[in-house]
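Report on the following structure.
Each reported figure results from applying straightforward, stated rules to the coordinates on display, with no laboratory input. All of these numbers come straight from a predicted model, not from anything done at the bench. Note: ideal-geometry Cβ built from the backbone for every residue, glycine included; neighbour counts use all protein chains shown.
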Amino acid sequence: MKPFAYVKPADVEAAIQAAAQPGARFLGGGTNLVDLMREGIEQPDTVVDVTGLPFDTVDDLPGGGLRIGALVRNSALAADRRVRERYPMLSQAVLSGASAQLRNMATVGGNLLQRTRCPYFYDHASACNKREPGRGCDALDGFNRGAAILGVSASCVAAHPSDLCVALAALDAVVELRGQDGTRRVPLTDFHRLPGDTPEVETVLAPGELVTAVELPPAPVAANSRYRKVRDRASYAFALVSVAAALEVRDGVVTDVCLALGGVAPRPWRATEAERLLVGGPADESAYRRAAEAELAGASTRRDNAFKAALATATIVATLRELSTGGDPR
Ligand code: SF4
């Protein structure tokens, strides 16, 4: 590992100042960054440890929303009674990711910034535009079973690995950022960038900008919500496809729905086309399938991952069916 300086600022202003220097990186739980440093993918000159900053609480917002500090540990978030009751899909998403030990360390802010698990990204012998811009992408014609099928480019087809972010995308979460120019708020669905020609630029974060909180607006529909994750083994595996969904049905008609997908795109994928088709329509399996197929109509598949379009469609249908037939979403 390349030698680096370690600092632990006492307040947020000092942290932002320290991270504004070239080659600096924030350290939260370290469950992704330390791995990347060991592999030589990330080589910071300075690691700015922010774990002493006061962003480790979940607080109520007026009207029933929640403000989640960026340093709240994943396990604490999943166990929070308010999260479990108001946004069960969020608790389920967190508990479906990683292991208990990792969830005890990993933070909400770090989860937003975790990097892809595309195998070529970690292999210095392979071409990877995300690791070395302009070098090429060995995943395009290589082993691409886990690759994305929506929002991809000729430069990169890597899927975003987070479960938590998929639920946050469905819930209209807003990310609070603090930088040298002050505080700004960005919808979660705008926080991660699509790869285009610059897959190495993964978020809208400015240099030295710190994620300080994620806010969830009140969402009564989310009390009836579900996170369903399909993967190769039952635990400690990334999603092939995941669905975060909340549904409200009255008199057989869909009156409200929130839907986002994981494992299929370079960022958490809000299924806006499916939502548009669902609202006001019948709450039945045919309508769910039509909406899911419309959302996946733009899929661009590679040799090994064509199954993801059908799998995503089936998973959307199954999740909505469960929610509309009163299956226990918890
Ligand atoms: Fe790198 Fe993206 Fe290609 Fe994977 S898909 S090898 S991360 S450029």
State which residue pairs qualify: first residue at positive phi and inside the stretch 6-24, second residue of a type in the set (Lys, Arg) in any location, beta carbons under 7 Å apart, and separation of 6 or more residues or different chains. none
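For (1) among the charged types (D, E, K, R); (2) touching a Pro at 6+ places or on another chain (Cβ under 8 Å), each residue gets a yes or a no:
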{"site": "11", "(1), (2)": "yes, no"}
{"site": "14", "(1), (2)": "no, no"}
{"site": "24", "(1), (2)": "no, yes"}
{"site": "38", "(1), (2)": "yes, no"}
{"site": "48", "(1), (2)": "no, yes"}
{"site": "54", "(1), (2)": "no, no"}
For residue 59, only one of the following conditions fails: (1) outside any loop (DSSP other than H, G, I, E, B); (2) charged (D, E, K, R); (3) touching a strand residue (DSSP E or B) at 6+ places or on another chain (Cβ under 9 Å); (4) in contact (Cβ under 8 Å) with a residue 40 or more places away in the chain. What is its number? (4)
Select, from 154, 127, 147, 158, the only residue that is of a type in the set (Gly, Ala, Ser), within 8 Å of the ligand (Cβ to nearest atom) and without any contact (Cβ under 8 Å) to a residue 24 or more places away in the chain. 127
Considering only the stretch 213-227, state which residues are surrounded by fewer than 20 Cβ atoms within 10 Å (Cβ to Cβ) and outside any loop (DSSP other than H, G, I, E, B). 215, 220, 221, 223
Just the residues that are on the phi > 0 side of the Ramachandran plot and part of a strand (DSSP E or B), please, taken from the stretch 245-291. none
Are any residues in the stretch 1-49 within 23 Å of residue 213 (Cα to Cα), among the acidic types (Asp, Glu) and surrounded by 14 or more Cβ atoms within 10 Å (Cβ to Cβ), and if so, which ones? 49
Qualifying residues in the stretch 101-124 (those that are among the hydrophobic types (A, V, I, L, M, F, W, C) and within 9 Å of the ligand (Cβ to nearest atom)) - the one surrounded by the fewest Cβ atoms within 10 Å (Cβ to Cβ): 121
In this structure, is residue 177 without any contact (Cβ under 8 Å) to a residue 40 or more places away in the chain and away from the ligand (no atom under 16 Å from the Cβ)? yes
Only one of (1) within 22 Å of residue 269 (Cα to Cα); (2) touching a Ser or Thr at 6+ places or on another chain (Cβ under 9 Å); (3) surrounded by fewer than 23 Cβ atoms within 10 Å (Cβ to Cβ) is not met by residue 90, so which one is it? (3)
Determine, yes or no, whether residue 186 is under 15 Å from the mean Cα position of the chain (by Cα) and either farther than 25 Å from residue 231 by Cα or outside any helix (DSSP H, G or I) (or both). yes
Within the group 230, 243, 264, which residue is in contact with a Ser or Thr (Cβ under 7 Å, 6 or more places away or on another chain), within 24 Å of residue 150 (Cα to Cα) and crowded, with 24+ Cβ neighbours inside 10 Å? 243
Selection from the stretch 130-143 of residues more than 10 Å from the ligand (Cβ to nearest atom) and either touching a Lys or Arg at 6+ places or on another chain (Cβ under 8 Å) or not in a loop (DSSP other than H, G, I, E, B) (or both) yields 141
Kindly provide the set of residues from the stretch 228-239 that are within 14 Å of residue 93 (Cα to Cα) and either over 15 Å from the mean Cα position of the chain (by Cα) or outside any strand (DSSP E or B) (or both), ordered by number. 230, 231, 234, 235, 236, 237, 238, 239
Quick one: how many residues across the stretch 144-183 are hydrophobic (A, V, I, L, M, F, W, C) and in a strand (DSSP E or B)? 3
Here the qualifying pairs (Cβ atoms under 8 Å; residues six or more apart or on different chains; first in the stretch 191-205 and in contact (Cβ under 8 Å) with a residue 40 or more places away in the chain; second among the acidic types (Asp, Glu) and buried (at least 20 other Cβ atoms within 10 Å of the Cβ)) come out as 192/202; 193/202
Quick one: count up the residues across the stretch 129-183 that are of a type in the set (D, E, K, R), surrounded by fewer than 19 Cβ atoms within 10 Å (Cβ to Cβ) and more than 22 Å from the chain's Cα centre (by Cα). 4
